[in-house]
Amino acid sequence: MNIEKKYPEAYFKTLWMLISTGILSAICVPIGIILDIQPLVGVGPLVGVIVGMLIGEKIEEKNKKLGRIRPLNDKEIRNRKILVLVILIVGLAGFTFLVFR
């Protein structure tokens with residue numbers, strides 16, 4: 001019985017974005033702080049997101065050609081919308097706290 005696992009859309013993009021952001025943040029943030037290079041603290045995570053999206057996109061294309069990518073179901077779409085809303089609210093609250101403290 002050979003059952004291939006199907007992955008939801010954007011699964012690999014998200015996975016590799018998180019992996020590369022974590023790795024490059026773990027490298028760049030401490031080096032930026034130790035060497036007092038403030039732009040490196042912000043550039044590390046940004047480059048991590050970009051690299052992760054590029055790697056994830058290529059893996060996603062490969063798996064889509066092999067038929068391993070399935071469209072999102074209604075529950076997954078709803079969960080993603082809620083997650084985006086929560087991130088926006090937390091970001092807005094953090095920004096407001098930093099500006100008006």
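The values are calculated or read from the model by the stated rules, or taken from the named source; none is laboratory data. Keep in mind it's a predicted model, so treat the numbers as computed, not measured. Positions of Cβ are generated from backbone atoms using ideal geometry, with glycine treated the same way; all protein chains shown enter the neighbour counts.
For segment 22-54, residues that are without any contact (Cβ under 8 Å) to a residue 40 or more places away in the chain and either aliphatic (A, V, I, L, M) or closer than 20 Å to PRO8 by Cβ (or both) total 20. For segment 3-21, a residue qualifies if it is in a loop (DSSP other than H, G, I, E, B), more than 10 Å from GLU57 (Cα to Cα) and not charged (D, E, K, R), and exactly one does: ILE3. Scanning segment 51-76 for residues that are among the aliphatic types (A, V, I, L, M) and surrounded by 13 or more Cβ atoms within 10 Å (Cβ to Cβ) yields VAL51, MET53, LEU54, ILE55, ILE59, ILE69, LEU72. Within segment 7-55, being within 26 Å of ARG70 (Cβ to Cβ), in contact with a Pro (Cβ under 9 Å, 6 or more places away or on another chain) and among the polar types (S, T, N, Q) holds for one residue alone: THR21. Checking LYS81 against (1) surrounded by 13 or more Cβ atoms within 10 Å (Cβ to Cβ); (2) modelled with pLDDT of 90 or more, only one condition comes out false. Which one? Unmet condition: (1).
Determine the pairs where a residue that is assigned to a helix (DSSP H, G or I), located within segment 74-94, has a partner that is surrounded by 10 or more Cβ atoms within 10 Å (Cβ to Cβ) with Cβ atoms under 6 Å apart, the partner being 6 or more residues away or on another chain. Cβ pairs passing all conditions: GLU76/PRO8.
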